Amino acid sequence: MARRRQLYEGKAKILFEGPEPGTLVQYFKDDATAFNSEKKGTITGKGVLNNRISEYLMMRLMDIGVPTHFIRRLNMREQLIREVEIIPLEVVVRNVAAGSLSTRLGIAEGTRLPRSIIEYYYKNAALKNPMVCEEHITAFGWAATQDLDDVVALTLRINDFLTGLFLGVGISLVDFKIEFGRLYENEEMRIVLADEVSPDNCRLWDSKTGEKMDKDRFRRDLGKVEEGYQEVARRLGILPEAGVRDLKGPEMMQ
Ligand code: 5GP
């Protein structure tokens, strides 16, 4: 098998050169990090589940007209995506108070927010991804005003749609982080959803019991981390056909 050129290795994923110009292969690892990489670990089967969950959610979003970088899933741990120029922002949407919002503003976790709130964080690991506002984003040229308008419009649609989708399977979408990229096609540029949408970057609570089914199980040492991710996939009806037995997936081939 031909060796593929590795372009980038992040905390949870690796990007390889794709089979055609303008494409990349996104490989999902089991590695997990938290608190700006101060905590590290492995969640067995996470890569397989996140690949599947992110594929499913991006396809549903594309069904309603949200543009994404996703092309198709290739195998248990890899998906083919379009190469985009990543906007260096983590866009966080919050529906219910939790995590850093609760800590920063002293609002009890679980308090429903009066309306959905969007926050921006500058993607810069050395600076520990600081929170920024629109003024910083446009003044420093990380995104133009028009790009940011598109980001906000897409983010609100994504939040509305995913909130309903998860509620339909008994899950409350508390908050999540997404990233966007610029896709250049035929002299045109479009802002598209990039990266992944998975329990690694969402807070997902059982809507009846409040039980956590996301990366907070790892961050806060709550145990049953793998089971949380599996339960999300099970409720979405997309647990891999072989079931939980086969979640380790194939070893990486290069
Ligand atoms: P918080 O700011 O409360 O820590 O996180 C808000 C939401 O964004 C959570 O759903 C969390 O999973 C997600 N999030 C924030 N920063 C990151 C990050 O650096 N990586 C990942 N995977 N998710 C993040």
Residue count, the stretch 9-44, condition open to solvent by less than 80 Å² (accessible area, probe 1.4 Å) and within 14 Å of Asp221 (Cβ to Cβ), comes to 5
Subset of the stretch 148-189, residues among the aromatic types (Phe, Trp, Tyr), surrounded by 20 or more Cβ atoms within 10 Å (Cβ to Cβ) and part of a helix (DSSP H, G or I), comes to Phe166
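Per-residue answers, yes or no, for (1) of a type outside the set (S, T, N, Q); (2) closer than 19 Å to Asp30 by Cα; (3) within 15 Å of the ligand (Cβ to nearest atom):
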| position | (1), (2), (3) |
| --- | --- |
| Phe166 | yes, no, yes |
| Gly170 | yes, no, no |
| Gly181 | yes, no, no |
| Glu185 | yes, no, no |
| Asp200 | yes, yes, yes |
| Arg219 | yes, yes, yes |
| Lys224 | yes, yes, no |
In the stretch 227-252, what residues are modelled with pLDDT under 95 and not in a loop (DSSP other than H, G, I, E, B)? Val244, Arg245, Asp246
Go through (1) part of a helix (DSSP H, G or I); (2) open to solvent by 10 Å² or more (accessible area, probe 1.4 Å); (3) closer than 24 Å to Asp150 by Cα and name the single condition Ser102 misses. (3)
Give all pairs with beta carbons closer than 7 Å in which a residue from the stretch 217-232 that is at negative phi and surrounded by 13 or more Cβ atoms within 10 Å (Cβ to Cβ) meets a residue that is hydroxyl-bearing (Ser, Thr, Tyr) and assigned to a loop (DSSP other than H, G, I, E, B); count only pairs at least 6 apart in sequence or on separate chains. Glu226/Thr44
So the check is Cβ under 7 Å with 6+ separation or different chains; which pairs have a first residue in the stretch 2-22 that's of a type in the set (S, T, N, Q) and outside any loop (DSSP other than H, G, I, E, B) and a second one that's open to solvent by less than 80 Å² (accessible area, probe 1.4 Å) and more than 16 Å from the ligand (Cβ to nearest atom)? Gln6/Phe16
Considering (1) among the hydrophobic types (A, V, I, L, M, F, W, C); (2) assigned to a strand (DSSP E or B); (3) open to solvent by 60 Å² or more (accessible area, probe 1.4 Å), say which one Ala108 fails and leave the rest. (2)
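Name every residue in the stretch 186-195 that is touching a strand residue (DSSP E or B) at 6+ places or on another chain (Cβ under 7 Å) and either of a type in the set (Asp, Glu) or at pLDDT below 95 (or both), in order of residue number. Spell out the reasoning first.
Step one: list which residues in the stretch 186-195 are touching a strand residue (DSSP E or B) at 6+ places or on another chain (Cβ under 7 Å), which gives 189-195.
Within the stretch 186-195, Asp195 is the sole residue that qualifies.
The values are calculated or read from the model by the stated rules, or taken from the named source; none is laboratory data. Model, not experiment: these values are computed from the prediction. Neighbour counts run over all protein chains shown; Cβ positions are idealised from the backbone, glycine included. Protein only, heavy atoms only, side chains kept; ligands, DNA and RNA dropped before computing areas. Shrake-Rupley method; radii C 1.70, N 1.55, O 1.52, S 1.80 Å.
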